[in-house]
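This report concerns only the one structure given below.
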Amino acid sequence: MGLADKAKNTAEDLKGKAKEALGDAKNDDQLKAEGKADQTKASTKQAGENVKDAFKG
């Protein structure tokens, strides 16, 4: 996995955590859900990249 991909996935995960925290602070369930979805998306991408790396080796 390239460094740029790792950075993008990390940034997306952090964005999701921030959205979730903001949604929690504002009692905004939709924003919390979006944050969790962003985190899940980042985790899924990370897992896919890890699988690619395993087959490259």
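The values are calculated or read from the model by the stated rules, or taken from the named source; none is laboratory data. Nothing here was measured: the structure is a model prediction, and the numbers come from that model. FYI the Cβ positions are ideal-geometry reconstructions off the backbone, even for glycines, and counts take in every protein chain you see.
Would it be correct to say that Ala18 is at pLDDT 95 or above, at negative phi and surrounded by fewer than 11 Cβ atoms within 10 Å (Cβ to Cβ)?
When the stated conditions are applied, Ala18 does not pass them.
Can you run down the residue pairs with Cβ atoms below 8 Å, 6 or more apart or on separate chains, where the first is in the stretch 35-57 and over 18 Å from Lys17 (Cβ atoms) and the partner is part of a helix (DSSP H, G or I) and of a type outside the set (A, V, I, L, M, F, W, C)?
Glu49/Asp5; Glu49/Lys6; Glu49/Asn9
Of the conditions (1) at pLDDT 95 or above; (2) not in a helix (DSSP H, G or I), Leu31 clears all except one; give me its number.
Result: Leu31 fails condition (2) only.
Which pairs have Cβ atoms under 8 Å, sit 6 or more apart or on different chains, and link a residue in the stretch 16-33 that is without any contact (Cβ under 8 Å) to a residue 12 or more places away in the chain to one that is not acidic (Asp, Glu)?
Asp24/Lys32; Asp28/Leu22; Asp29/Gly23; Gln30/Gly23; Ala33/Gly23
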